[in-house]
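Inspection log for the structure reproduced underneath, given as structure tokens.
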Amino acid sequence: MQEKKKAKFNVIDAIVIIAIAAVVAVVAIKLVGGTFGSGGESTYTLKFLCEEVPDFAANVIEVGDTVLDESKDVPLGEVTDVTVSDSRTYTTDSDGNVHLAPKEYYNCVELTTTLTASDYTNGIIVNSSKYGVGHSITIRVGKAKIFGRISAIEKVE
């Protein structure tokens, strides 16, 4: 009679099992968004300050426009408020003093959006991307593409 060989478990088998488990964990984190322990999603208002926007771009921004992070194609809510005022350009005179002056054909645009995001220690997470106050960002707002900074993040109660 023939004797059956028993399968032996060795170090190579353990390494393969650990590698497969790691790949499954990475895929699970990507699908869930990497927000474990964040307390779930909430509604936030996000405010943007864009100090030098060409007036032709500022004139096409409207309440209801969708805002997207240009570099990551991440939705950052819908515009709920837009304020257009004189641009904020800082200049230095011959004595080294800094002055705030408007720049012709440019405007300062302040946008407010509402969105759903996850909280984290330094701001919010949207589609696995982290955003915080002071974050410099190029955004698409309706038909306009503008550069600015996130000036406030507030949780809606």
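The values are calculated or read from the model by the stated rules, or taken from the named source; none is laboratory data. Note that the coordinates shown come from a computational prediction; the quantities given were computed from them, not determined experimentally. Methodologically, a virtual Cβ is constructed for each residue, glycine included, from the backbone with ideal geometry; neighbour enumeration extends over all protein chains shown. The protein model used for the area step is the full one, side chains on, heavy atoms only, and it has no ligands, DNA or RNA in it. Shrake-Rupley method; radii C 1.70, N 1.55, O 1.52, S 1.80 Å.
Please pick out the residue among 153, 139 that is farther than 13 Å from residue 69 by Cβ, out of contact with any Lys or Arg (no Cβ under 6 Å at 6 or more places or on another chain) and at pLDDT 95 or above. If you could, list the steps in order and put the result at the bottom.
On the way: 139 fails: farther than 13 Å from residue 69 by Cβ.
Answer to the selection: 153.
Specify which of the listed residues (73, 81, 95) is at pLDDT 95 or above and either of a type outside the set (S, T, N, Q) or within 15 Å of the chain's Cα centre (by Cα) (or both). Walk me through how you get there before you give the answer.
Numbers: 73 fails: at pLDDT 95 or above; 95 fails: at pLDDT 95 or above.
None of the others qualify; the one that does is 81.
For segment 80-155, please list each of the strands (runs of 3 or more DSSP E) lying entirely inside it that holds at least 1 residues being among the aliphatic types (A, V, I, L, M), open to solvent by 20 Å² or more (accessible area, probe 1.4 Å) and over 24 Å from residue 63 (Cβ atoms).
On the way: elements: 89-92, 98-101, 106-120, 123-126, 129-131, 136-141, 144-155.
Qualifying strands (runs of 3 or more DSSP E): 98-101.
Listed conditions (1) open to solvent by less than 70 Å² (accessible area, probe 1.4 Å); (2) in a strand (DSSP E or B) are all met by residue 61, apart from (2).
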